[in-house]
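The values are calculated or read from the model by the stated rules, or taken from the named source; none is laboratory data. Note that the structure is predicted; figures quoted are calculated from it, not measured. Because the Cβ atoms are built from the backbone with ideal geometry, glycine has one as well, and the counts that use them run over all protein chains shown. When the accessible area is computed, the model is the full protein with side chains, heavy atoms only, and any ligands, DNA or RNA have been set aside. Shrake-Rupley method; radii C 1.70, N 1.55, O 1.52, S 1.80 Å.
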Amino acid sequence: MAGRKDKSHSARVSRVVIAIAIGVFLGCFFAFFYPHGLLRSDLPLQNRRLGKSELQVQSSSPCESSDRFKNLKADVVSILGKNSVLEKRIKDLTRELKIVEQLKDHAQKQYLALGENHKAGPFDSVKGLRTNPTVIPDESVNPRLAKLLEKVAIQKELIVTLANSNVKSMLEIWFTSIQNVGIHNYLVVALDDQTEEFCVSHDVPVYKRDPDTSIDSVGKQGGNHQVSALKFHILREFLQLGYSVLLSDVDIVYLQNPFDHLYRDSDVESMSDGHNNITAYGYNDVFDEPAMGWARYAHTMRIWVYNSGFFFIRPTLPSLELLDRVAARLSQEKAWDQAVFNEELFYPSRPGRDGLHASKRTMDMYLFMNSKVLFKTVRKNLNLRQLKPVIVHINYHPDKYARMKAVVEFYVDGKQNALDHFPDGSE
């Protein structure tokens, strides 16, 4: 009996000890992991802080609240403005990066082409490089134009003209002659809504640029020379997209497909304002100064200018540089676009100036004929009258529409006296 009591007492003591041990363990556990208490939360404190803030707002005056709102609104507007500036800067930097990458790529290509060692070979067998690599097309420049050119161009080539409503009658002869020849890769860049509507009504491929204040005013109201100057700015996008362009004024009649007569071995192929072999293709002009005695004769090389109203330009870096140079000068100087075009194309490097390193080719003056050649020479020569030019450009005469109609009558309709009543010049 006494033994059972001892065992019962020891069991109770053991349970007490175990309970105390468990209590101590739990106390240590919660003290270590929950030093601030198990049921404590920051939420009431936050609520208390929020309530205090609300009380402060409520206690503030309406004027003070209104001023604070205005300040916050001004801060938001300021941040949005800075954000738009940053976005524009990012776009500009991205564009500049693409240009740098493009320049790097072409520099590498030219290095590989020029850096390759060549054996000279026998006499009269050495030929230098004449063509520059084309640029990498960049559709991000103008996605809308890129999609249109995919439909219009053939083998990445097309004829392009700029026109406004002032030249509507000549434009009709221009695209009618193109259609009669069977040319499909051509495009009219309309400089006003009337021209766009006129082209659409005649099923003529047309493109109207997005609004641009600096260009639209000239495009809608400008004369021939002002519109002509715009083309150097507008053509840039075509080249950046990787297309070769046969730039054409509207005072031109097409009699054959010009793409069948291009060499495509130069950055620029252009018709000449020259009227015979020496003026069109260059000649040695001797300057005589008797006072110099033995050295009285000085030899000079001359060539009549390229016509900036009809030229084929390939999408190369020198071509883009040419357009940039001409467009920049015309925006700063009161100059004739054709004169600037030729100065940039022909003037060599010299102290203080880097010349343009672009390759050039002069078109056959009887195939790509200017109106001086036609009216002063060809129509009076029985043999030359039998030739059929590719195009006739009425660039030397102001009565353009009448002479364009006469060219169509002579070469297309076979009216042999259609050209006879016009004077040689513009008198």
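Taking Gln338 as the residue in question, decide whether it is closer than 30 Å to His421 by Cα, under 30 Å from the mean Cα position of the chain (by Cα) and among the polar types (S, T, N, Q).
On the way: closer than 30 Å to His421 by Cα: yes; under 30 Å from the mean Cα position of the chain (by Cα): yes; among the polar types (S, T, N, Q): yes.
Yes.
Here is a list of conditions, (1) over 30 Å from Arg385 (Cα atoms); (2) touching a Leu at 6+ places or on another chain (Cβ under 8 Å); (3) not in a helix (DSSP H, G or I), and Tyr366 meets all of them except one; can you say which number that is?
Only one criterion is unmet by Tyr366, namely (1).
Return yes or no: is Tyr396 open to solvent by 50 Å² or more (accessible area, probe 1.4 Å), assigned to a loop (DSSP other than H, G, I, E, B) and under 20 Å from Gly309 (Cβ atoms)? Give the steps one after another, and end with the answer.
On the way: open to solvent by 50 Å² or more (accessible area, probe 1.4 Å): yes; assigned to a loop (DSSP other than H, G, I, E, B): yes; under 20 Å from Gly309 (Cβ atoms): yes.
Criteria met by Tyr396.
Being assigned to a loop (DSSP other than H, G, I, E, B), under 24 Å from His233 (Cβ atoms) and in contact (Cβ under 8 Å) with a residue 24 or more places away in the chain narrows it down to one residue among Leu323, Leu356, Leu345, Leu330; which is it?
On the way: Leu323 fails: assigned to a loop (DSSP other than H, G, I, E, B); Leu345 fails: assigned to a loop (DSSP other than H, G, I, E, B); Leu330 fails: assigned to a loop (DSSP other than H, G, I, E, B).
On inspection, the qualifying residue turns out to be Leu356.
What number of residues in the stretch 399-427 are small (Gly, Ala, Ser) and assigned to a helix (DSSP H, G or I)? Even if it seems obvious, please write down each step before you answer.
Going residue by residue through the stretch 399-427, those that are small (Gly, Ala, Ser) are 402, 406, 414, 418, 425-426.
Those left that are additionally assigned to a helix (DSSP H, G or I): 402, 406.
So the answer is 2.
Within the stretch 128-154, how many residues are farther than 16 Å from Leu247 by Cα, in a loop (DSSP other than H, G, I, E, B) and touching a residue at least 12 places away in the same chain (Cβ under 8 Å)?
Residues that pass the stated criteria total 10.
Give the residues of the stretch 228-281 that are out of contact with any helix residue (DSSP H, G or I) (no Cβ under 6 Å at 6 or more places or on another chain), part of a helix (DSSP H, G or I) and among the aromatic types (Phe, Trp, Tyr), sorted by residue number.
Passing the criteria: Phe238, Phe259, Tyr281.
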